[in-house]
Amino acid sequence: MTLILVCHLMNGTSIGYLSNMKKLTCCFLWLLFACSSFAQQHGQPYQFVQLVLNDSDTLSAELMADLLNQSGSKDGLYHWRNRLLFYGKEEEAIAFYEQSKIRFPKAEVMLVREPFYVFDRTRCTDGKENSRKRDHLILSANLVADRAKQQSYLDYHRRQFDEWPEVSAGFCRAAFQQVLLFKAGRQLLLVIDIPEGANFEELNKRTVENNPRVDEWNRLMSTYQEGLPGTKVGEVWVRFEATNVEW
């Protein structure tokens, strides 16, 4: 309504250059409206909250359920060893973060807001639509302590779509719906969305089928990565398992 009214009022102007200004303003307002509608349809961006628990911290199913209840979410919890992850919408993540700081004053609690790398199906040309129902796979590793190498890793990912297009082509072939990389200090948090119920191991094999550049990319990236504290010798990426809480 507002958009139509503004454009209508401007139509009453007959002064030369204002005609173009009128068109530009209408287009700008339409763009704002479209972007707002897109954001509403696709929801808030997802964020992470990570808790690194101490030996003295006690984590029960009841406490986890209460944390979820306080955040307004019914799921989104993942764990690996002494680390608990919440992955959810911005409002939920902030609420979970605030509650976690209260419930676990001695734990390391961090909010990880924005990914530095984003792949989605808009980069695919196979004509396949997005899957509305998805499973989130969450993996984590550390970057090596060398700051120059950390920056190089980020730079490679910034240029990947232009210089290593075979990687995203592999993601498309594997039916990955979205791939996000977050960074918290040296820690990497990798989110891979796949169609609900699909087998990740089988899909992941497709990324390298007749695609040696993906193997080359993986070998190169491995020189910048190492395992989290607590991993086995030679182990780098670990998978966080979903934690089901009934409440």
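Things to note:
- Qualifying residue in region 173-182 (condition: within 30 Å of residue 62 (Cα to Cα) and in contact (Cβ under 8 Å) with a residue 12 or more places away in the chain): yes
- Just so you know, in region 87-108 the residues that are over 23 Å from residue 136 (Cα atoms) and part of a helix (DSSP H, G or I) include one that is most open to solvent (accessible area, probe 1.4 Å), and it is 102.
- Test: residue 66 is at pLDDT below 95, touching a Cys at 6+ places or on another chain (Cβ under 8 Å), over 21 Å from residue 186 (Cβ atoms) and not aromatic (Phe, Trp, Tyr): no
- Candidates 145, 175: the one that is open to solvent by 50 Å² or more (accessible area, probe 1.4 Å), aliphatic (A, V, I, L, M), more than 22 Å from residue 243 (Cα to Cα) and out of contact with any Ser or Thr (no Cβ under 6 Å at 6 or more places or on another chain) is 145.
- Considering only residues in region 160-170 that are out of contact with any Lys or Arg (no Cβ under 8 Å at 6 or more places or on another chain) and open to solvent by 10 Å² or more (accessible area, probe 1.4 Å), the one that is nearest to residue 87 (Cα to Cα) turns out to be 169.
Here's the yes/no breakdown for (1) in a helix (DSSP H, G or I); (2) free of Cβ contacts under 8 Å to residues at least 40 places away in the same chain:
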| position | (1), (2) |
| --- | --- |
| 156 | yes, no |
| 159 | yes, yes |
| 210 | no, yes |
| 213 | yes, no |
| 217 | yes, no |
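- One residue stands out in region 114-142 among those that are in a loop (DSSP other than H, G, I, E, B) and within 15 Å of the chain's Cα centre (by Cα): the one that is surrounded by the most Cβ atoms within 10 Å (Cβ to Cβ), namely 115.
- Residue pairs meeting the criteria (Cβ under 8 Å; at least 6 apart or on separate chains; first closer than 19 Å to residue 170 by Cα and at pLDDT 80 or above, in region 123-138; second of a type in the set (Lys, Arg) and in a helix (DSSP H, G or I)): 130/121
- Only one entry in 117, 87 is more than 23 Å from residue 197 (Cα to Cα) and modelled with pLDDT of 95 or more, namely 117.
- Residue satisfying all of: in region 191-247; among the aromatic types (Phe, Trp, Tyr) and open to solvent by 40 Å² or more (accessible area, probe 1.4 Å); modelled with the lowest pLDDT among these: 247
- Residue identified as in a strand (DSSP E or B) and open to solvent by 30 Å² or more (accessible area, probe 1.4 Å) among 63, 111, 51: 111
- Filter pass, residue 198 being in contact with a Pro (Cβ under 9 Å, 6 or more places away or on another chain) and either without any contact (Cβ under 8 Å) to a residue 60 or more places away in the chain or in a loop (DSSP other than H, G, I, E, B) (or both): no
The values are calculated or read from the model by the stated rules, or taken from the named source; none is laboratory data. For clarity, every value in this text was computed on a predicted model and none was experimentally measured. Ideal geometry is used to build each Cβ from the backbone, glycine not excepted, and the neighbour counts take in all protein chains shown. Areas reflect the complete protein model, heavy atoms only, side chains present, ligands, DNA and RNA absent. Shrake-Rupley method; radii C 1.70, N 1.55, O 1.52, S 1.80 Å.
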